[in-house]
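To keep things clear, I will list the structure first and then write my remarks on it.
The values are calculated or read from the model by the stated rules, or taken from the named source; none is laboratory data. In this text, all values refer to a predicted model and were calculated from it rather than measured experimentally. All Cβ positions, glycine included, derive from the backbone under ideal geometry; neighbour counts span all protein chains shown. To get the accessible areas, we keep the full protein, side chains included, count just its heavy atoms, and leave off ligands, DNA and RNA. Shrake-Rupley method; radii C 1.70, N 1.55, O 1.52, S 1.80 Å.
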Amino acid sequence: MAEILLADVYKSYGKTEVIHGVDWHIEDSEFVVIVGPSGCGKSTLLRMIAGLETITNGEISIGGRVVNDLEPAQRDIAMVFQNYALYPHMSVYNNMAYGLKIKGVPKAEIDQRVREAADRLEIGEYLGRSPRQLSGGQRQRVAMGRAIVRKPSVFLFDEPLSNLDAKLRVQMRLEIKKLQERLGITSVYVTHDQVEAMTLGHRLMILNDGYVEQLGTPIEIYENPLTKFVAGFIGSPSMNFIETRLEEDATTVKFSHKTSFRLAGSYPQFKGRNVSIGIRPEHFFFAPDNPEAIPFRAEVVEHLGADTLLHGTVDEGESELIVRFNGISTVTQGETVPVYIDPANIHIFDAQNGKRLEVE
């Protein structure tokens, strides 16, 4: 087991800087997820930890040992890739055993490790097969088994579920989570899927264009996003944003030219400033008797069973919103209904730099 420390880590390709001063302490046995849109630098950062990419500046240590100049094989890590990276001419057993054979592990110990890992991953009956005889989910289990048998200090996962269908992704996500909890191995997982990030990670790193936007637990980030980018990226459907202006009383904002609503606190230091108001779809409530409710016209209704998504507008199309109601809603397309927003669930961001504004 090992902790991982990233200290002021930078990565550049020529004059192009792609990772900008990352600082992060990953605890021993912790499962952390690096999440962000495609091209934000998350896989590059993971490959730097693995030793597959050199560091331009900064320091990476694993288990108290600086690994900047160590080869991947010397870092005591195991990596699971998106494309499985299995040897097509080898059986499942030999794919899992190959790394141990190279290290000179005794034959009896290799056999024990391989069979234990195969049983844990429920692929024991496939040990004699070749990778082409397996499904995508089974191949991914073999790739994980190959990593497990090495008994590394750190697991690194580079979008390992991207090639799987939706149902299998859910199943494998649960398997990875249970496996990590059982083994207690420090794990770093890269994904662009915010649902995977929220369900897997003890803590998350949100990356945007090579910069760390926020670090924290999934719930901390969901409830208190520090930037507009994080607020919009985490959550499905994504947060609604209304571009508006903080009124001179510093306690209300214009929803549209007809409608205003109050905030949970006062922002006197920001009065008159252009702001982005963020409201999650699930924080709208049907409220026919509330005088503070606003008129919402449903233009598209999506019945999802457990939830209903309403896509619509306020004040003749001036503001477009997504509203989520629990259960099957009776709202029909074209209907206008009163919805209420609890001021405690409103997020307010600076319109220029996207940073969260704190109540005074």
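Looking at H257, H283 in this structure, which one is open to solvent by 30 Å² or more (accessible area, probe 1.4 Å) and in contact with a strand residue (DSSP E or B) (Cβ under 8 Å, 6 or more places away or on another chain)?
From the options H257, H283, the qualifying one is H283.
Quick one: in the range 221-254, of everything that is outside any strand (DSSP E or B) and more than 24 Å from I34 (Cα to Cα), which residue is most open to solvent (accessible area, probe 1.4 Å)?
Within the range 221-254, the match that is most open to solvent (accessible area, probe 1.4 Å) is E248.
Can you name the number of the only condition in (1) over 30 Å from the mean Cα position of the chain (by Cα); (2) in contact (Cβ under 8 Å) with a residue 12 or more places away in the chain; (3) within 21 Å of P160 (Cβ to Cβ) that A143 fails?
(1)
For V339, are the conditions met, namely being more than 18 Å from L226 (Cβ to Cβ), of a type in the set (A, V, I, L, M, F, W, C) and at pLDDT 90 or above?
Against the criterion (more than 18 Å from L226 (Cβ to Cβ), of a type in the set (A, V, I, L, M, F, W, C) and at pLDDT 90 or above), V339 qualifies.
Show me the strands (runs of 3 or more DSSP E) entirely contained within the range 266-360 in which 2 or more residues are hydroxyl-bearing (S, T, Y).
So the answer is 307-314, 336-341.
Can you tell me which residue within the range 203-214, out of those that are more than 11 Å from the chain's Cα centre (by Cα) and farther than 30 Å from V314 by Cβ, is surrounded by the fewest Cβ atoms within 10 Å (Cβ to Cβ)?
Taking the candidates together, the pick is D209.
Got at least one residue in the range 293-309 being of a type in the set (G, A, S) and free of Cβ contacts under 8 Å to residues at least 24 places away in the same chain?
Of the residues in the range 293-309, the ones of a type in the set (G, A, S) are 293, 298, 305-306.
After this cut, where a residue has to be free of Cβ contacts under 8 Å to residues at least 24 places away in the same chain as well, the list is 305-306.
Yes, the conditions are met somewhere in the range 293-309.
Kindly check whether there is at least one residue in the range 157-175 that is at pLDDT 95 or above, of a type outside the set (S, T, Y) and either touching a His at 6+ places or on another chain (Cβ under 6 Å) or crowded, with 20+ Cβ neighbours inside 10 Å (or both).
So in the range 157-175, the residues at pLDDT 95 or above come out as none.
For the range 157-175, residues at pLDDT 95 or above, of a type outside the set (S, T, Y) and either touching a His at 6+ places or on another chain (Cβ under 6 Å) or crowded, with 20+ Cβ neighbours inside 10 Å (or both): absent.
Hand me the list of helices (runs of 4 or more DSSP H) wholly inside the range 22-141 holding 2 or more residues that are open to solvent by 10 Å² or more (accessible area, probe 1.4 Å) and touching a strand residue (DSSP E or B) at 6+ places or on another chain (Cβ under 7 Å).
Details: elements: 42-50, 92-103, 107-120.
Per the criteria, 42-50.
Which numbered condition in (1) modelled with pLDDT of 90 or more; (2) surrounded by 14 or more Cβ atoms within 10 Å (Cβ to Cβ); (3) within 29 Å of the chain's Cα centre (by Cα) is the only one that A298 fails?
(3)
Being more than 22 Å from L179 (Cβ to Cβ) and within 25 Å of the chain's Cα centre (by Cα) is true for just one of R47, R65. Which residue is that?
R47
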